[in-house]
Amino acid sequence: MPLGTGPSPVRRIEPHELWIKDDSRYGDRYGGNKVRKLEWSLADLLRRRCGVVVTGGGTGSHHAVAVARYAADTGIQAHVVAVEQPYDAHVGEQLAAVRAAGATMHRVDTVAGAYATAGRLLVGAALRGRRPGLLPVGGSNTHGCLGFVEAALELAEQVSAGELPPPRRVVVAVGSGGTAAGLILGLALAGLDSEVVGILVNDRTRVGPAQVRRLAGATARLLRRHGAPVPDPVPLAPFDLRREWLGPGYGKPSGASVEAAGWLREHAGLVADPVYTAKAAAAIRDLREERDASGPTLYWHTAPGAIAGGNR
Ligand SMILES: Cc1ncc(COP(=O)(O)O)c(C=O)c1O
């Protein structure tokens, strides 16, 4: 179900061996990585004739805004279970955007409380005769991951067309892990020899490299079930999950992330969100200094950008 227009642009940041793939305007109603996931996961909910979707995230979740907007277009009623995170202007904007899109918001204090609330909402919808569907935090289920398998194939075409050299490493923010899982599968299937360096920004739920690889494996099985010639065992790109840029925790800026957001704006004209991409931007600057950091680096910019008609 197309919601965005690809390929998203890639460009070089001179004089570095740094390229940016900019997903900020992928999608008419909202940009960023969540739109690519919803192209597949919303289509799956429609195929299953769901009338209600229950999803969750922090109160500042981009995924929640994307679900609220795109589900409204399909007629699926969205419930967002939002776990409190440190309040700032960004969080305020996200909460307002979810409400403005017509989704029902359920604010809770803990992750355990979120699971309990989601369970109640799913059962309640079923009892009222509206088939419910669950989208996990961040939209990171196997259908969502297909969006980033497709995105990796899109990147490989841009490499073939000479828009950028084959990246030695692809750097991306990791929250719930679905973006990285789709990329490690998709890059390997596309025959690109890149490593994925995930920058962990989430310490609220457990996300580790094994979990990301398992999700990639499950996505490969989904593809096989639909007849795609995916080898078994599946090849996955090398994956390194780095925690050094998490700072004081999920949703809390660090000195480095604030500074890096300014650097990204100045050098690439891109607005980093404080929770995810500002920390990934901090990482790309530091990674350049590391031993064995030679070769082209691709930073995948996953934050929603301003869109025509406003972002709220
Ligand atoms: C802007 C942004 N970048 C990156 C991520 C991380 O993606 P994922 O949850 O697939 O790891 C998210 C969401 O969690 C996000 O909102």
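Residues in the range 208-265 that are closer than 19 Å to GLU195 by Cα, assigned to a helix (DSSP H, G or I) and hydrophobic (A, V, I, L, M, F, W, C): ALA210, VAL212, LEU215, ALA216, ALA220.
Determine whether LEU246 is at pLDDT 95 or above and open to solvent by less than 30 Å² (accessible area, probe 1.4 Å). Against the criterion (at pLDDT 95 or above and open to solvent by less than 30 Å² (accessible area, probe 1.4 Å)), LEU246 qualifies.
Within the option set VAL271, VAL201, being within 18 Å of the chain's Cα centre (by Cα), touching a residue at least 40 places away in the same chain (Cβ under 8 Å) and open to solvent by less than 10 Å² (accessible area, probe 1.4 Å) holds for one residue only, VAL201. Among the residues of the range 183-202, the ones that are within 16 Å of the ligand (Cβ to nearest atom) and under 22 Å from ALA161 (Cα atoms) come to 6 in all. Residues in the range 1-16 that are out of contact with any Lys or Arg (no Cβ under 9 Å at 6 or more places or on another chain) and assigned to a loop (DSSP other than H, G, I, E, B) were compared, and the one that is surrounded by the fewest Cβ atoms within 10 Å (Cβ to Cβ) is PRO15. Taken as a whole, the range 78-99 holds no residue that is in contact with a His (Cβ under 6 Å, 6 or more places away or on another chain) and either open to solvent by 10 Å² or more (accessible area, probe 1.4 Å) or of a type in the set (Asp, Glu) (or both). Given the criteria touching a residue at least 12 places away in the same chain (Cβ under 8 Å), surrounded by 24 or more Cβ atoms within 10 Å (Cβ to Cβ) and farther than 16 Å from VAL234 by Cβ, does VAL196 qualify? Answer is no for this residue.
Filtering the range 41-81 to residues that are within 13 Å of the ligand (Cβ to nearest atom) and closer than 24 Å to THR219 by Cα leaves SER41, THR55, GLY56, GLY57, SER61, HIS62, HIS63, ALA64, ALA66, VAL67. Between ALA188, ALA216, the distinction of being out of contact with any helix residue (DSSP H, G or I) (no Cβ under 6 Å at 6 or more places or on another chain), surrounded by 22 or more Cβ atoms within 10 Å (Cβ to Cβ) and under 21 Å from GLU150 (Cβ atoms) belongs to ALA188 only. Scanning the range 159-178 for residues that are part of a helix (DSSP H, G or I) and open to solvent by 10 Å² or more (accessible area, probe 1.4 Å) gives VAL159, SER160.
Is it fair to say ARG285 is open to solvent by 70 Å² or more (accessible area, probe 1.4 Å) and either outside the structural domain of GLY58 (by TED's automatic domain parsing) or touching a Lys or Arg at 6+ places or on another chain (Cβ under 9 Å) (or both)? So ARG285 does not fit the description; no. For GLY217, indicate whether it is modelled with pLDDT of 95 or more, more than 14 Å from the ligand (Cβ to nearest atom) and under 24 Å from ALA82 (Cβ atoms). Answer is no for this residue.
The values are calculated or read from the model by the stated rules, or taken from the named source; none is laboratory data. Here the structure is a predicted model, which is why all the values come from computation and not from measurement. FYI the Cβ positions are ideal-geometry reconstructions off the backbone, even for glycines, and counts take in every protein chain you see. These accessible areas exclude ligands, DNA and RNA; they are computed on the full protein's heavy atoms, side chains included. Shrake-Rupley method; radii C 1.70, N 1.55, O 1.52, S 1.80 Å.
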